[in-house]
Structure formats: C-alpha cells, structure tokens
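S.K.: Once you've had a glance at the structure underneath, I'll fire off some questions.
The values are calculated or read from the model by the stated rules, or taken from the named source; none is laboratory data. All values derive from a computational prediction rather than experimental measurement. Note that we place each Cβ from the backbone using ideal geometry, even for glycine, and neighbour counts take in every protein chain shown.
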Amino acid sequence: MNDKGLSLLETLVSMLILSFGILGMAPLFVLSIESNSMSQDVMTVSNLAKETIEFYQTSDSLPGLPYDQTEYAIDGTYDRQILIWDNTTDTTITDGLCHIQVTITWTDNVGVSRSAPYKSILDKG
C-alpha cells in the first residue's frame with residue numbers, strides 16, 4: 001500500500017459519505033423556502049388587516065351598522081371581508097363601542113386555502 005496519498009477507493013468512499021450528508025440536508029432547504037413564503041403571506045395579511053382597522057379607528061364617522069363588505073383579489077391574491085357591528089345586533093357590546101373583524105383569505109403557493117381573522121374594538125365617537 002502506498003502511504004503517500006489516498007487511493008481511488010478511499011476517495012470514492014469519502015465522496016459517497018459527503019454526498020449522503022448533503023442529501024440529508026436537502027429537505028431543510030425546501031422547508032426553509034416554504035417557511036419564508038408563508039412568513040411573507042402572514043406579514044402581508046397582517047398589514048392588510050392593520051391598514052383596514054386603522055382606517056376605521058381614525059375615521060370621523062363609521063358606515064351604517066351593521067356593516068359587511070368584501071373585497072376580492074387585493075394584490076391579486078388576497079380577499080378581505082370587513083364586518084363592523086354594535087349593540088344593535090349584539091347586546092353584549094357596551095354603548096358607544098363597536099366591534100370590527102377583518103378576515104383575510106388566500107391560497108398559498110402550495111394550493112392550501114388559508115384564512116386569518118383580526119378583531120378590534122372601535123369607539124363610535
């Protein structure tokens with residue numbers, strides 16, 4: 001046996017072991033890409049809901065209550081339903097206040113239908 005270097009067989013075995021190690025990490029890369037996409041969707045959905053709630057919080061007057069509006073294909077992907085109600089339809093709500101619920105629905109990049117409801121309380125002013 002030659003002690004001055006690696007034999008061809010030793011090199012092939014080490015490459016095989018290295019290949020299995022790299023292949024074992026491949027699912028982690030796929031999971032990372034899917035998680036990044038989901039995080040982007042959640043951030044966009046949160047911003048859409050936040051914008052809507054802030055719009056009604058800073059508005060001088062609210063629409064006629066109860067209020068129900070649905071917008072489709074926001075940014076080409078997201079649907080937004082806005083519900084606002086007060087104590088005329090829900091007696092558990094204190095006078096002068098009303099509830100707002102913004103529900104965003106979308107289909108993610110793997111075809112799964114998702115929905116995220118956001119709720120807050122508004123002062124009717």
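S.K.: How many residues are part of a loop (DSSP other than H, G, I, E, B) and either in contact with a strand residue (DSSP E or B) (Cβ under 8 Å, 6 or more places away or on another chain) or of a type in the set (K, R) (or both) if we restrict to region 21-63?
M.R.: 2
S.K.: Would you be able to say whether some residue in region 9-20 is touching a residue at least 24 places away in the same chain (Cβ under 8 Å) and either closer than 20 Å to K119 by Cα or not in a loop (DSSP other than H, G, I, E, B) (or both)?
M.R.: No, because not a single residue in region 9-20 is touching a residue at least 24 places away in the same chain (Cβ under 8 Å) and either closer than 20 Å to K119 by Cα or not in a loop (DSSP other than H, G, I, E, B) (or both).
S.K.: A further question on this structure: Take the residues in region 43-56 that are of a type outside the set (G, A, S) and either at pLDDT below 90 or surrounded by 13 or more Cβ atoms within 10 Å (Cβ to Cβ) (or both), then tell me which one is farthest from G96 (Cα to Cα).
M.R.: Per the criteria, the residue is T44.
S.K.: Which of the numbered conditions does H99 fail, given that it passes all the others? Conditions: (1) exposed (fewer than 11 other Cβ atoms within 10 Å of the Cβ); (2) closer than 15 Å to Y56 by Cα.
M.R.: So H99 meets the others, but not (1).
S.K.: Please specify each residue of region 102-125 satisfying the condition of being within 14 Å of Q57 (Cα to Cα) and exposed (fewer than 11 other Cβ atoms within 10 Å of the Cβ).
M.R.: D123, G125
S.K.: Which of the residues spanning region 21-71 are free of Cβ contacts under 8 Å to residues at least 12 places away in the same chain, of a type in the set (V, I, T) and closer than 25 Å to T89 by Cβ?
M.R.: T58
S.K.: Could you list, in sequence order, all residues of region 71-125 that are aromatic (F, W, Y) and in contact with a Ser or Thr (Cβ under 9 Å, 6 or more places away or on another chain)?
M.R.: Passing the criteria: Y78, W106, Y118.
S.K.: In region 74-125, what residues are without any contact (Cβ under 8 Å) to a residue 12 or more places away in the chain and closer than 26 Å to S35 by Cα?
M.R.: G76, G111, V112, S113 - these are the residues of region 74-125 that are without any contact (Cβ under 8 Å) to a residue 12 or more places away in the chain and closer than 26 Å to S35 by Cα.
S.K.: Restricting to region 91-125, name every residue that is acidic (D, E) and assigned to a loop (DSSP other than H, G, I, E, B).
M.R.: Hits for region 91-125 are D95, D108.
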